[in-house]
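Written out below as structure tokens is the structure these notes cover.
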Amino acid sequence: MGWTSALAAPSLAATAPAVVEAAIDLSYLARFLGNASLEREVLELFAAQAPLYLARLRAAATPTDWQLAAHTIKGAAAAVGARHLQRFAELAERVDAAATERQAERAWALQGISEATEAACRQIQEMFGD
């Protein structure tokens, strides 16, 4: 689809069914991007990259690796309106991953990020499912 037809496409928020506690705020995307074709492209890119970002967070060997991975997830989540994921990633950025007494916080943040990532990707899959 070319840019001309993409610009004419309605927003996904206008065509998506209402979802209680949606993992992705489609109205945010509609305000930011404004057309369904571009929104779909951005969401599909997010769904492809999010598991890789999560794997990077899980594999973080140093506090710097942990903070960079959490920051990447936070930015990606913010870009698509995945607010729950964004908040968990923001919390994860603040965890001192080097402190042994903080390992429970790190595990909690990782669990929240994992669940929020799964929910966002599931919502995208349900929207486009092809």
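The values are calculated or read from the model by the stated rules, or taken from the named source; none is laboratory data. What you are looking at is a predicted structure, and each value in this text was computed from that prediction instead of being measured. For neighbour counting, all protein chains shown are included, and Cβ atoms are generated from backbone atoms with ideal geometry for every residue, glycine included.
Restricting segment 1-26 to residues that are among the small types (Gly, Ala, Ser) and either part of a loop (DSSP other than H, G, I, E, B) or modelled with pLDDT of 85 or more (or both), the residue that is surrounded by the most Cβ atoms within 10 Å (Cβ to Cβ) is Ala23. When segment 28-41 is filtered for residues that are within 15 Å of Ala120 (Cβ to Cβ) and either exposed (fewer than 15 other Cβ atoms within 10 Å of the Cβ) or among the aromatic types (Phe, Trp, Tyr) (or both), only Tyr28 remains.
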